[in-house]
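Shown next, in structure tokens, is the structure this report addresses.
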Amino acid sequence: MSHQEKNISASLVSFSLILVYYLIRMLGMLPIAELESSKLFRLWGIVILLGIVGTIIASIFTHIIAAIVHAIQTGEEDPKIDDTEDERDKLIDLRGTRVTYIVSSLGVALSMLAFVLGQPALVMFSLLIFFGLIAQVIGDISRLVLYRRGF
């Protein structure tokens, strides 16, 4: 698995876990007639913090574990990390980013539509966060598929 694939895998796992956490917390708030803004703002802050810190920590742990496994397999004390990026890697990243932007744009349109149809602004912003997480997960999946396909 290449350096880029490891980064994408770490991002995919962390954002998938964040999405599951967000959905569980949001579903816990739905039986209440009104969304409480203080609980919702706290949830948004936690999700954003987890998105930043979680991805960094997951990426670091992924590379540490990969280096340990590589050192055990080869017997080298100082394993070299091949983190070069060629044109293929850049094209795959651009295509994945395009997929992310398309899904995110559709999510923004649906969120705005919910607001126009009479939903509160908190619902609109909750949908924006949800579709942002979905867009990141789908974008990472498309990047991994492109790496696995060889293009």
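At a glance:
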{"read-out": "Cα-centred dipole magnitude for the chain, charges only on beta-carbon of K, R (+1) and D, E (-1), debye, nearest 20", "value": "600"}
{"read-out": "Cα-based Kirkwood hydrodynamic radius, the range 3-149, one decimal, Å", "value": "17.2"}
{"read-out": "Under Karplus coefficients 6.51, -1.76 and 1.60, residue-wise ³J(HN,Hα) of the range 94-109 in Hz, glycine/proline x", "value": "5, 5, x, 5, 4, 4, 4, 5, 5, 5, 5, 5, 4, x, 5, 4"}
{"read-out": "Isotropic mean projected area of the C-alpha convex hull, the range 45-85 (nm²)", "value": "3.7"}
{"read-out": "The range 89-151 shape via C-alpha gyration tensor axes, a/c threshold 1.5", "value": "prolate"}
{"read-out": "For the range 44-114, alpha-carbon Rg relative to the globular expectation (2.2 N^0.38 Å, N residues)", "value": "1.65"}
{"read-out": "Calculated [θ] (222 nm, deg cm²/dmol) that DSSP helices of n ≥ 4 give over the chain, each run adding -39,500 (n - 2.57)", "value": "-28000 deg cm²/dmol"}
{"read-out": "Choice from Ile129, Ile68, Ile56 showing the highest fluctuation, given a GNM over the chain with Cα pairs closer than 10 Å", "value": "Ile68"}
{"read-out": "Folded to 0 to 90 degrees: helix 3-29 orientation relative to the chain principal axis, Cα", "value": "20"}
{"read-out": "The chain: most fluctuating residue of Ser14, Ser59, Ser38 per GNM, C-alpha cutoff 10 Å", "value": "Ser38"}
{"read-out": "Cα lying deepest toward the dipole's positive end in the range 3-149, options Gly132, Gly28, Ser11, charges on Cβ", "value": "Gly28"}
{"read-out": "Cross-link reach list, lysines versus Lys80, counting only Cα pairs under 19 Å and skipping chain neighbours closer than eight places", "value": "Lys6"}
{"read-out": "Label zone at Val69, where the point sits 7 Å out along the Cα-to-Cβ direction: the range 1-25 residues whose backbone N lies under 16 Å", "value": "1-14"}
{"read-out": "Low-density loop cleavage sites - GluC sites (Glu not before Pro) in the range 24-93, where at most 15 other Cβ are within 10 Å (DSSP)", "value": "Glu34, Glu36, Glu76, Glu77, Glu85"}
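Only the coordinates and a few stated rules stand behind these numbers; no lab work does. Being a predicted model, the structure only gives us computed values, none of them experimental. Heads up, the Cβs are rebuilt from the backbone with ideal geometry, glycines too, and the neighbour counts pull from every protein chain shown.
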